[in-house]
Amino acid sequence: MSREPAAPLLSARDLTKRYALSAGVFGRGATFAAVDGVSFDVERGETLGLVGESGSGKSTTGRLVVRLEEPTGGNVFFEGQDWLALSGRELARRRRDVQIVFQDPQTSLNPRMTCGAQVSEPLSVQGLARGRDLKERVGSLLAEVGLSADIARRFPAELSGGQRQRVAIARALATRPKFVVCDEPVSSLDVSVAAQVLNLLAELREKSHLSYLFISHDLAVVSRVADRIAVMYLGRIVEEGSAAAIVARPLHPYTAALLSASPETDPARRRPRIALSGEPPSPASPPSGCAFHPRCPIARPRCREETPKLFPTPDGRRVACFFPGELAPGAP
Ligand SMILES: Nc1ncnc2c1ncn2[C@@H]1O[C@H](COP(=O)(O)OP(=O)(O)OP(=O)(O)O)[C@@H](O)[C@H]1O
Ligand SMILES: [Mg+2]
């Protein structure tokens, strides 16, 4: 039996992204951390789910990893190589290995280009195919995502939402990437179409031995597709572990609250709802201590004063809470 190489496919270490605050009470030049010291690994063939409320920094993390944006600090290693040190032609060439699928194909696809032209573009930019070969590759990519060849001649506006997202997936897969960031790939789709696209992503992963960073605000969706889950709150990971362990027994009270809030279709598994008081605070002025403490049902004075670090648990998770496991929905 061959052994997997030791280095994960992708590692993020202490990734940080600061944005400028719009000039106001904080004055000019002030910044805030949208992503604040985020670290994770994604193994070959693995799906890491990234979940959290709106504004928690999920999309920013995804954009940093694929280098649509440059981080303020931290590192990314891809196949053990310093991914952020790549530039020029070397970066352009290696971009084929790392792709991204966005939430809304309506905006991620160009309305003035045919679907065929959009799927073929990365192949011609990378010099991977041309002429007749290019046309054939586009046809087989469309077939791979469950679309007929005549879609190539159509414009995005002539397709359904589900078909459009399949075109976006075909485009992302065109260069045969090893790693794909899926940023809310089914959030704009109807439930039944969403389920089909999730199945497609799972099939493609098996067939092409892909790895995903799968971003969603919905823990139920993430737990269906991910092997491991990282939960983000206000720019930081607060819990990370196997999807099965997290769903069976969340350790962080924020994870427990997310889990209790996610729509569960099976009534036998429905859990008592843990209400989260208030809106998430602004990352521009994070609370003292544990950023979750103002909304946490089990917060103690310590949580206001000290910031919990992510620490490893005996079952192989990481959690940033002084009182892990106290608030578990559905726990006896
Ligand atoms: N280009 C930018 N300039 C300034 N602030 C930004 C920029 N992009 C994101 N932000 C801010 O950074 C924070 C994190 O945003 P991000 O889009 O990563 O969150 P998210 O978890 O993906 O949220 P959602 O679930 O709504 O997509 C937010 O406060 C957002 O307003
Ligand atoms: Mg987002």
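The values are calculated or read from the model by the stated rules, or taken from the named source; none is laboratory data. Every value quoted in this text rests on a predicted model; they were computed, and no experiment measured them. Cβ sites come from the backbone with ideal geometry, for glycine too, and all protein chains shown count toward neighbours. Please note that ligands, DNA and RNA were not included when accessible areas were found on the heavy atoms of the full protein model with its side chains. Shrake-Rupley method; radii C 1.70, N 1.55, O 1.52, S 1.80 Å.
Figures for the structure shown
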| read-out | value |
| --- | --- |
| Nearby lysines by direct alpha-carbon distance to K207 (threshold 25 angstrom, same-chain neighbours under 8 apart not counted) | K135, K178 |
| Selected from P281, P314, P71 as most flexible by GNM, with the chain as the system and alpha-carbon contacts under 10 Å | P314 |
| Radius 13 Å from Cβ of P253, net charge of other residues (Lys, Arg +1; Asp, Glu -1) | +1 |
| Rounded FRET efficiency, nearest 0.05, which uses the C-beta distance separating E136 from A30 and R0 of 51 Å | 0.40 |
| Angle in degrees between helix 115-125 and the longest Cα principal axis of the chain, rounded to the nearest 10 | 90 |
| Residue among G45, G73, G127 with the largest mean-square fluctuation in a Gaussian network model of the chain, springs linking Cα atoms under 10 Å | G127 |
| Solvent-accessible area per residue, Å², over the range 272-325 with all protein chains present [probe radius 1.4 Å] | 59 |
| Portion, in percent, of the accessible area of the range 113-199 that falls on carbon or sulfur, probe 1.4 Å | 51 |
| Rounded to whole Å, sorted largest first: equivalent-ellipsoid semi-axes of the chain, Cα gyration tensor | 35, 23, 20 |
| Residue among T175, T313, T60 with the largest mean-square fluctuation in a Gaussian network model of the chain, springs linking Cα atoms under 10 Å | T313 |
| Ratio of Rg to Rh over the range 153-197 (Cα coordinates, Kirkwood Rh, two decimals) | 0.98 |
| Inverse mean reciprocal Cα-Cα distance (Kirkwood Rh) of the range 8-113, Å | 15.5 |
| Per residue accessible area in Å² of the range 25-80, where ligands, DNA and RNA are left out and the probe is 1.4 Å | 38 |
| The range 143-250: relative contact order as a whole-number percent, Cα under 8 Å and 6+ apart | 19 |
| Where trypsin sites (Lys or Arg not before Pro) fall in DSSP loop in the range 103-148, at most 12 other Cβ within 10 Å | R112, R130 |
| For L50, distant residues with modelled amide H under 5 Å away | F214, I215, S216, A230 |
| Qualifying chymotrypsin sites (Phe, Trp or Tyr not before Pro) in the range 19-109, DSSP loop, other Cβ atoms within 10 Å at most 14 | F26 |
| Cα-derived Rg to Rh of the range 74-150, Kirkwood definition | 1.03 |
| Whole-Å distance, taken between Cα centres, linking the range 145-160 and the range 172-206 | 17 |
| Acute angle (nearest 10 degrees) that the helix 161-173 long axis makes with the longest principal axis of the chain, alpha-carbon atoms | 80 |
| Range of Cα positions in the range 90-192 per principal axis (Å), largest first | 38, 27, 23 |
